[in-house]
Amino acid sequence: MTPAALRKLCLGFPGAREEFPFGEDSSVFKVAGKMFALSPLKAKPLRISLKCEPDLAVRLRAEHPEIIPGHHLDKRHWNTVHLDGPLTGAFVRELVEDSYDLVVAGLPKREQEKLGWVALSRE
């Protein structure tokens, strides 16, 4: 995945915005003012930090060496995903979407409705 494709993916969600609160080298992707992804898009290797349910975060780290505890983030809820390995684009898209959904699920219903977001059962 290229930096341009990663940016396009993150900005493709309803209400997503890119901001630079940590400097011009770190893209922070937010929805309704809440961060769902963080990436130094010019870094090599390319990586992205994503929010994750704690149990799933641990499982993903155990299954994929490219996924590590969130760099400079709450390691219980955030993973950093290195994109220079064997992870497929579809898998990365799923991780980004899950992060976005976790953040939107925590928003007030009014905000969720503005975004046209519908909660899906994950059972």
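Please treat every number below as a calculation from the coordinates, not as lab data. Since this is a predicted model, take the numbers as computed values, not measurements. Cβ sites come from the backbone with ideal geometry, for glycine too, and all protein chains shown count toward neighbours.
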Problem set entry | Summed side-chain charge close to Asp84 - residues other than Asp84 whose Cβ falls under 10 Å, Lys, Arg +1, Asp, Glu -1 | +1
Seminar exercise, completed: re the chain: pairs of Cα atoms spaced beyond 26 Å account for a percent value of 15 percent
Seminar exercise, completed: Between Glu97 and Met1, the two model label points (7 Å from Cα along the beta-carbon direction) sit apart by a distance in nm of 1.2 nm
Exercise. Taking a threshold of 25 Å on the Cα-Cα distance, which of the pairs Lys34/Lys114; Lys44/Lys114; Lys51/Lys109 fall above it?
Worked result: Lys44/Lys114
Exercise. Using a cut-off of 16 Å between alpha-carbon atoms, which aspartates and glutamates can reach Lys42, once sequence neighbours fewer than 8 places away in the same chain are excluded?
Worked result: Glu18, Glu19, Glu24, Asp25, Asp84
Seminar exercise, completed: Any trypsin sites (Lys or Arg not before Pro) in region 55-123 that lie in a DSSP loop and have at most 16 other Cβ atoms within 10 Å would be Lys75, Arg76, Arg122
For this session: Considering Cα pairs under 8 angstrom that are at least six residues apart, work out the relative contact order of region 3-108 and quote it in whole percent.
Result: 23 percent
Exercise. At Ala90 and Glu19, where each label point lies 7 Å from the Cα along Cα→Cβ, what is the point-to-point distance in nanometres?
Worked result: 3.5 nm
For this session: Kindly write out, for region 12-21 in residue order, the coupling ³J(HN,Hα) from the Karplus curve 6.51 cos²θ - 1.76 cosθ + 1.60 (θ = phi - 60°), rounded to whole Hz, with x marking Gly and Pro.
Result: x, 8, x, x, 6, 9, 10, 10, 10, x
Problem set entry | Computed helical MRE - 222 nm, the chain, DSSP H runs ≥ 4 contributing -39500 (n - 2.57), nearest 500 | -10500 deg cm²/dmol
